[in-house]
Amino acid sequence: MSWLTNGPRNESVEVILLEDAQPAAGAMSTVGVACEGFSTELKWMAEDRATQPVRRQLYNENSMASTSTAMTTKIASHDLTASLSSIDSRFKDASNPQNPAVGPFGVIDFRAPSYEPPTAAVSEQISAEKQMPTFGEGSLESPSTEGILSNPNDFLDWADLLALDYDDDLSFLAVTSPELPSLPAQRDLLHEDDIQPRRGAHATPSPPGLIDLESPATQELLRYFRYQVIPRFSAIPIGHKSPWKILNAAAAVQTLAEATYLGDNQIKHANLANLYAILAISAHTRACDPANSEYPSEYWQQLSDQACTQAKSHLQRSLKSETQGIGKCKYKDQLMMIIAMAAFAFLTAQQSEARCYMVDAERLLRIRGLAKRNISRKARMLHHVYTWLRIVGESTYVLHDYQSSEANIEKLFAKHSKSTRELHRNFSASRSGLNARLDDFLRLDEVQGDSDTDLDGQKDRETGLVDIHLEDLREDAESMYLQIYGVPETWLTLVSQTTRLANVLDTIALSGKPRNSHLMESLDRRIERLENMVCSLASTSPHRSTSAEADEIDTEGSNSSQKAIECMIRALKAALVIFFYRRIRNVNPWILQVHVDEVIQALHDFDEALETQDISGPGTIWPAFMAGCEAVTEARRTKLTQWMEKGYSICGYATFKVAKETMMDVWKKRDTVKANRKTISTSAGSHGGVSILGKECTWMSISREKGLWIMLV
């Protein structure tokens, strides 16, 4: 050990060295392990005396005495808290541009300075950073691939992400990607000119068009997201343990702190993408908030657009450079990022983008998530959020290329000679890891739980983890849908099963080929069993949470909250019956009016419960849409229209507007058919030949005519 004076190397310097330059570690000697010690290395200061550091006091005696005097004279008549409150109020006063001070106390203004054009040198640096290759199909240098989602059909190239050699066996990539319909052209999701350089020690002011993380508006948007936005896009807005609050919002706050006050320039792109996505959602909601009077709606919408652009930029960078290798980020952070962007796309009715995000989330989940040996609770919560978004989203997606799935129809119900255990093993293996295949909801695989004798059993833990689309009808003992959404897993499972079966029936009907008797018998058995389960669920009394479940849901012991849950579940159950009989049986709408009335009454009771609890809502639009499309009387239509208009006035999400317009298109078409007194003919027992009123005047037919995906999540 040595102590050095401040003298330069060419002067006489006294150096005191310990006798042993390699001290032994006492703890290591105790256990009999030799310690190699440390090498003797002396580093001298620079010879230039002018650059030598001089130790001095930060404050001398005079300055400390002056500070004490200021404290006693200027705040002697007030307590410390009152003085600080005065500073805070004066600082917020826009009419007082000077930073206030009381004695030694003052305010450091962290608000971003007015923008000044960067110097030529800085501009060259920014331009160099902007020359980042885009990610998409083909060469990364290709100018045609402007972004990961600039073309809805350009899904993630996982071979690039995982640094795989195309000469190797890439059998896991030979999966059928869910197809996308021909949709109206979307604006480019990523413009190279909008890429923001990493914030570092010498960061330049943010140029126009980029949201400033250090502005007060950013912090305000995060608070607004947590307390106002989360309840508005929750299916049942009464749970206080939402994954959006526990995971996305908490991560966004941490990222903001690291990017601003902590000055961390090593933040992962996945975390930044999540932060900007949260800001985009919050700003968009704020723009639509009727109570917003501080700034015009255009201001918040501009912030939303800017945040969305940056979120897409960071998402692209994360999927390109943080999926594997040294710079790999946490799987949870990447999934969180994609889910946040998908939620924004759903709320703003950007259907092609939402479709891409969902498919890419599935790929990430199957390759990085389900392949894990141990899945954390937080990761499972994200899996549940993904499952809800995907299944509820798929329930209204009828824009498939049904012709491409005809070849798989004959293989759906081939007789299996395998044992139940073998079926289970194959089911799990085909849904995770590099050999996993994507799910297009156009097939019905035989899995364990298909037998009527298995329905009373439960999934084992492994099956529950990999069954992300709820293909197995059995319940999962570790399911968290009730805790997260207040909705039992059985309801979501039956929505998934109904959607799959309906897609298969549509494929058969559109194929025009002779029907295989064995196939139709198998389908009929499935239809009958599913019908019994749907009606059985609808006939059960509303689920009342046990004490343990109530603690998980965290309704704060409120009877109004519990009543709101029960009312929404009633609405969802009745709407599920409508959904089944429209998509599977395709019945005359008059048969469904009793269930329409059930939905109307349940939604009315739900709104009353929310008002009692002083929660804005509006809750999920799914039951209102399913019931509204089947309403045949003016009174029923008016009530459901008013409910949708009320929901839109609360949150301003485009999904409410699109759903209402589609619902009214169905009514117009049905009323026209009825007015023209067209003949209604029904083929009994036929799944393809149905009445004009049932087949041509449904939300499915309107969706196909307009190339429209009604997103009701």
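Does any residue of the stretch 264-271 turn out to be among the small types (G, A, S) and crowded, with 23+ Cβ neighbours inside 10 Å? Full working, then the answer.
To start, the set of residues in the stretch 264-271 that are among the small types (G, A, S) comprises 270.
Next, from what is left, pick out any that are crowded, with 23+ Cβ neighbours inside 10 Å: 270.
Yes, because at least one residue in the stretch 264-271 is among the small types (G, A, S) and crowded, with 23+ Cβ neighbours inside 10 Å.
Could you tell me whether any residue of the stretch 289-304 is polar (S, T, N, Q), under 24 Å from Q350 (Cβ atoms) and in contact (Cβ under 8 Å) with a residue 60 or more places away in the chain?
Pass one, the stretch 289-304, residues polar (S, T, N, Q): 292-293, 297, 301-302, 304.
Those still in the list that are under 24 Å from Q350 (Cβ atoms) too: 292, 297, 301-302, 304.
Subsequent filtering for residues that are in contact (Cβ under 8 Å) with a residue 60 or more places away in the chain retains none.
No, the stretch 289-304 contains no residue that is polar (S, T, N, Q), under 24 Å from Q350 (Cβ atoms) and in contact (Cβ under 8 Å) with a residue 60 or more places away in the chain.
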Worksheet entry | Criterion violated by A270 - all others in (1) free of Cβ contacts under 8 Å to residues at least 24 places away in the same chain; (2) touching a Cys at 6+ places or on another chain (Cβ under 7 Å) satisfied | (1)
Worksheet item: Restricting attention to the stretch 497-515, and to residues there that are without any contact (Cβ under 8 Å) to a residue 40 or more places away in the chain and assigned to a loop (DSSP other than H, G, I, E, B), which single residue is surrounded by the most Cβ atoms within 10 Å (Cβ to Cβ)?
Response: R515
Practice prompt. Confirm whether D450 is in a loop (DSSP other than H, G, I, E, B), at pLDDT 70 or above and charged (D, E, K, R).
Written response: no
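Would you mind finding the one in A564, A627, A631 that is buried (at least 24 other Cβ atoms within 10 Å of the Cβ), of a type in the set (A, V, I, L, M) and not in a helix (DSSP H, G or I)? Walk me through it before giving the result.
Numbers: A564 fails: not in a helix (DSSP H, G or I); A627 fails: not in a helix (DSSP H, G or I).
Of the residues listed, the single one that is buried (at least 24 other Cβ atoms within 10 Å of the Cβ), of a type in the set (A, V, I, L, M) and not in a helix (DSSP H, G or I) is A631.
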Worksheet item: Which one of I650, I578 is out of contact with any His (no Cβ under 6 Å at 6 or more places or on another chain) and aliphatic (A, V, I, L, M)?
Response: I650
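Could you pull out the residue among S417, S428 that is modelled with pLDDT under 95, assigned to a helix (DSSP H, G or I) and among the polar types (S, T, N, Q)?
S428
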Discussion item. Which numbered condition in (1) of a type in the set (V, I, T); (2) assigned to a helix (DSSP H, G or I); (3) touching a helix residue (DSSP H, G or I) at 6+ places or on another chain (Cβ under 9 Å) is the only one that V359 fails?
Written reply: (3)
Fill in: Index of the failed condition, T620 passing every other in (1) crowded, with 17+ Cβ neighbours inside 10 Å; (2) among the hydroxyl-bearing types (S, T, Y); (3) farther than 22 Å from K573 by Cβ
(3)
Worksheet, complete the sentence: Expected single match for modelled with pLDDT of 90 or more and either within 26 Å of Y397 (Cβ to Cβ) or in contact with a Phe, Trp or Tyr (Cβ under 9 Å, 6 or more places away or on another chain) (or both) among I508, I527 is I527
Response to the item:
Picking from A235, A287, the residue that is at pLDDT below 90 and under 21 Å from A342 (Cα atoms) would be A235
Worksheet item: What pairs come up if the first residue lies in the stretch 695-713 and is under 15 Å from W622 (Cα atoms) and of a type in the set (K, R), the second is modelled with pLDDT under 95 and crowded, with 16+ Cβ neighbours inside 10 Å, and their beta carbons are under 6 Å apart, counting only those six or more places apart or on different chains?
Response: none
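Before we move on, is V495 under 30 Å from C567 (Cβ atoms) and of a type in the set (A, V, I, L, M, F, W, C)?
Working: under 30 Å from C567 (Cβ atoms): yes; of a type in the set (A, V, I, L, M, F, W, C): yes.
It is true that V495 is under 30 Å from C567 (Cβ atoms) and of a type in the set (A, V, I, L, M, F, W, C).
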Item to complete: Could you figure out which of (1) within 17 Å of E489 (Cβ to Cβ); (2) modelled with pLDDT of 95 or more isn't true of T546?
Response: (2)
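The values are calculated or read from the model by the stated rules, or taken from the named source; none is laboratory data. Everything quoted here is computed from the prediction, not taken from an experiment. We place every Cβ from the backbone using ideal geometry, glycine too, and count neighbours over all the protein chains shown.
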